[in-house]
Amino acid sequence: MNFRKQLLAEASRANIDFIVATIDGEKEHFEKVFPLIYDSNGYIANRAGWVVEKCAARYPYLVESHINEIIDFLPQINFGGLRRVMLKVLTLLPIPETRMGEVIDVCLTWLESPNEKVAIKVYAMQILANFCKTEPGLIPELISIIETHYQRNSFAFKSRADKILEEFKN
């Protein structure tokens, strides 16, 4: 299958599901889609990212070998949709302990940015919360950041924030 052509065919969940089903857990097929997240065409990059996200949920073993590459790529991602799905991938897969500092820096930057989309902030917040479970010393800082930004954010932000605050304040 020409995955690039198929990604351009239609921007729909059905098309993404079709591509994931075609990959069917096969590394050879996945390796043809993964590099498309770097495409300069935002439509292709975003949709390829969406496929990677769905594969991370369905076939995590395909994406785990790319986790360091994804982490390296995070600060360079210019497309909001691609940022969102790459962060979601990081909520689904284990992040190497040696890379957590970099991921935390990116997540804090995006969480505190007034210009960042809410979905990106929500996934960044979740990654930070996941990290706090193993490093509880950072919980007060995360709570402070959430409380600082709580009132000027959307319902989606507040919904995730409420769940995280409830988890850590008890």
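Values in this text are rule-based calculations from the coordinates and carry no lab data. Bear in mind the structure is a predicted one, so any value in this text is a computation, not a measurement. Positions of Cβ are backbone-derived with ideal geometry, glycine not excepted, and every protein chain shown enters the neighbour counts.
Quick notes
- Count of residues meeting criterion [within 17 Å of Ile16 (Cβ to Cβ), surrounded by 18 or more Cβ atoms within 10 Å (Cβ to Cβ) and not polar (S, T, N, Q)] in the range 40-78: 14
- Checklist (1) in contact with a helix residue (DSSP H, G or I) (Cβ under 9 Å, 6 or more places away or on another chain); (2) surrounded by fewer than 17 Cβ atoms within 10 Å (Cβ to Cβ); (3) part of a helix (DSSP H, G or I) applied to Glu116, failing item: (3)
- Failed item, numbered, when Arg152 is tested on (1) closer than 27 Å to Asp17 by Cα; (2) part of a loop (DSSP other than H, G, I, E, B): (1)
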